[in-house]
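These notes are about the structure you will find just below.
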Amino acid sequence: MWWPTPGASGLDPEVDERVASAYVEGMRCLAIQANRSAAVMFRSALSLYVKDKGSEAAKAERHLKTALKHMKSDGDLHPSLWDWADHLNQLGNEGAHPEDYDEVTTEEAKALSSFVRHLIRSEYELPAELTRARGLATEVGGSQ
């Protein structure tokens, strides 16, 4: 076993702490092939993302699927992420309720980790990097 778990570190400090924590825990689960647990944690990261970045209507929803629909219609969730987010929600449910669904495969768990990493990258890290770069550009441009 490798420590720290590959892919579970190096997140930008601007990533919501709860989202980052759920993602890192999911990566640890994935590393030991606890696929159901990984799916549940990646779904938790998605749910926490909704609570952090969603509209008031999305945050007020009891069911993640409906909250994601609000985010899609509000424009708070990029259309390219919608289908993937909906699939993640379903697989997370499968992980949490194995009595009602099929097992979560390693490939599915890895795909979920990839989606959550892309979500973190596009919704937290890229905007933070752009803000920092804009600040540096202003400092450099202002000193000439």
*Reachable lysines from LYS69, Cα under 18 Å, same-chain residues fewer than 8 places away excluded?*
LYS51, LYS53, LYS59
*If you count, for each residue, the other Cβ atoms within 10 Å and average over each peptide, how do 72-83, 38-49, 12-23 line up from highest to lowest?*
38-49, 12-23, 72-83
*Please state the equivalent ellipsoid semi-axes for the stretch 5-80: what are the square roots of 5 times the Cα gyration tensor eigenvalues, largest first, in whole Å?*
24, 14, 10
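Just so you know, all these numbers are worked out from the coordinates, no wet-lab data involved. Note that the coordinates shown come from a computational prediction; the quantities given were computed from them, not determined experimentally. In this analysis, Cβ positions are derived from the backbone assuming ideal geometry, glycine residues included, and neighbour counts consider all displayed protein chains.
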